[in-house]
Structure formats: structure tokens, C-alpha cells
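The structure appears right after this line, and notes come after that.
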């Protein structure tokens, strides 16, 4: 006997398909979800009215809305990564002498959840535990943004556009380029963007489904990032793999595991690492 598909099931299919950026128009969504076009339009209109999706009035393309992203953020908050990430932050701060940070997503923002100052005399004093920034502003925040599905990246950039006016060197178009670069190299690097001469390097911490639960980053002078970038990236990736392995991973051959492993495996630079320069000054710089 064939069990009829309910409207709720159809709506769930449409939301699931919408997370794939290749399917943003009505015809494509309906086809991919296995829902007739008329029913799809009716359900999408209802989801839009409730804030779960949005539709561009010019292109007619659909994107995920704020209510959907709020639900996703709520599911992420169930896991407190501090205990499992803290040893990694300590090791990184000791190895490279610069400040290490754990950032987590919260709605359209990233939140500094944990911070370990380094011993290098010149260090970034740009975040305190609990500090918030729009997603994409800062290396850890950029790593979080780049790890989101395309539809969520688009929705986020639209939502944070007003907040970006506080950062004259940052725009939505610039962040989109940085998202592409971050995905290509497997980790985020931002230099001279938030504060002159300061930068950061970061990698996302994906959950078993590949969604970012957090990001670990190292903040330092620009030259201390560029001169040691391969070594920093390798260390971040190694720590990220160890952290994620402790988060009850799925069976090794599942699609989710492959997505997460691909995210981490892409952060493996191969160039040699020059020795970083030292300085005797002790300075604290706001980023």
C-alpha cells in the first residue's frame, strides 16, 4: 500500500533541497524534491510567510530565511566545545607564542567562546570571551562563514550588510571572495582587514554532517602569519582533526564523514616554513 506524502514531509523535502545552492528556483526545487510545481509554490509561500525562506523579488530565486538559520544555530548550541577545544588552544599558544581563539556561530554572528593569550611581546588584544562580530569579520569568523552551505552564506551576507558599515575595509563582495579563497585552501587567512598590521589564520571545526560547530584561530602580526603560514595551517588542521574525532563521528564511509574529512584534508599546505622574526617590544593592539 502506498502511504501518501503529507504537506509537512513535502515542506521538509523542499527545505532540504534548498540547502543545495544549485536548486534555488521553483522548477528546480519542485523537481529535486519530487513535489508538483503547484504544491511546491504553495508550500514555499507558506514557509516564506513564516520566515523560513526568502524569495528575491527580482530573480525569483529562493534562499533560506532567518527562522531556518535560527533553528540551525539552536541545534549547534546544544554542544559546548570548550572542554574538547581548550587543550588544542593551549598547545597552539605554547607552540607559536600567539593568541589562540575558539569562535562559535550564533545567528548572523560569531562569538569568542575561549581565548588563550600568547607570550609573544606584540599581540592582538581584539577580543574578549563573549565578544561578538558579524560572520566573516576576523579569521575564525570567516572560517565559520566559509563552512556554511552556499544558501546560508548568501542569506548571511544579506543580513549582515548593515553591520559591515562599521568595518570600512570589509564588504559583502569582499567576504564572498574570501569565502571562495578559504574553501580553496581549506583554511581562512585575513590580513590588514580589521586592524592594520594584524591578521589571523583559522580552520573550521565541522560536526559529523560537515556543519561548523566552531573555529580555532591564531591571531598575530601579519608577518608572523605569512612567514609561518604552512606550519600554522598544518598545526590547526591537526588539532581540528583531533577535536572532531572526539565528537562521536559517524561510520567512516558515510557521506557525512566524507564531507567532514574533505573539509579538514584540504588544509594541508606543502611549502617550507621560514623562521619568524622576533621583537623585544611589548605592545597590545586592538584588532
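At-a-glance table
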{"read-out": "Residue 104 vs. criteria under 21 Å from residue 213 (Cα atoms), buried (at least 19 other Cβ atoms within 10 Å of the Cβ) and out of contact with any strand residue (DSSP E or B) (no Cβ under 8 Å at 6 or more places or on another chain)", "value": "no"}
{"read-out": "Residue in the range 122-130 that is at pLDDT below 90, in the same structural domain as residue 239 (by TED's automatic domain parsing) and closer than 18 Å to residue 205 by Cα present", "value": "no"}
{"read-out": "Residues within the range 131-146 that are part of a loop (DSSP other than H, G, I, E, B) and either touching a helix residue (DSSP H, G or I) at 6+ places or on another chain (Cβ under 7 Å) or not assigned by TED's automatic domain parsing to the domain that holds residue 210 (or both), tallied", "value": "2"}
{"read-out": "Hits in the range 195-237 - residues which are without any contact (Cβ under 8 Å) to a residue 60 or more places away in the chain and under 18 Å from the mean Cα position of the chain (by Cα)", "value": "206, 208, 209, 233, 237"}
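The values are calculated or read from the model by the stated rules, or taken from the named source; none is laboratory data. Computed from a prediction, not measured in an experiment: that's the story for all the values here. Neighbour counts run over all protein chains shown; Cβ positions are idealised from the backbone, glycine included.
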